[in-house]
Amino acid sequence: MANKRIKRLELRGQSKEEKSHKKVKYEQSSNSSSKKIRYKETTKGLVIVYTGEGKGKTTASLGLVLRAAGYKRKVLIVQFGKVWFTGELEGVKMLKPYVKIVQGGLGFVKIFDDNSKFSEHVKMANKTYDFLYKEVLSNKWDVVVADEIVGAVAGKLLKHGHIAKLIKDKPHKLDLILTGHHGKKSLFRLADLVTEMMPIKHPFEKGFLAKPGVDY
């Protein structure tokens, strides 16, 4: 903000090891408030939620995956409900051995050519969750993306308790990314970062279908 001053304070007397991974503290002050916030790096794994009715939730998570792979972090992507071809299935192959993607589900409920019973969707969503939960606790991964799991809860394929348990039991340093429509405040309270994608303009409004390589 215009009235805020941000001062960068570098820690002095650092060892060579510390300098290679420089720790920087920020002190934020405001003319209208005496409250000060000190910022520092953290090794704590974050819980990140991408939700909202606009495009970009899976796209944002994949961008994070690309960045993590650049640091040679082990990443698992588990997609709920997606069973068709998407560009990321092939793109992830180029990020081996750091990134793995697994699809689980029967497609989205009552969308496209869905002919499956709702009970079958519930069964498959729970099976996918069981796989996800086991992998999260395996300590094999640095980052796990549960794509469309938020929508699975909103669609009553899973319960809020599933996500709450996943967050509670995950390893301390594991970054967990959750995506999907209709995120609730009960989930937001458990997260460290929440971004809501808001639709402002979309080609679909002009009659254009999803574009390969952009939308899927």
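Each value in this text was obtained by applying a stated rule to the coordinates, not by laboratory testing. Source: prediction; values computed, not measured. Every residue, glycine among them, receives a Cβ derived from its backbone with ideal geometry; neighbour counts consider all protein chains shown.
Among the listed pairs K74/K123; K57/K134; K72/K185, those with a Cα-Cα distance over 26 Å are K74/K123; K72/K185. When peptides 42-48, 149-155, 79-85 are sorted by average Cβ neighbour count within 10 Å, with the highest value leading, the order is 149-155, 79-85, 42-48.
When M124, M197 are ordered from fewest to most other Cβ atoms inside 10 Å of their Cβ, what list results?
On the way: M124 20, M197 17.
Listed from fewest to most nearby Cβ atoms, that is M197, M124.
Cβ crowding within 10 Å, taken as a proxy for footprinting-reagent exposure, orders D175, D142, D192 from fewest neighbours to most as D192, D142, D175.
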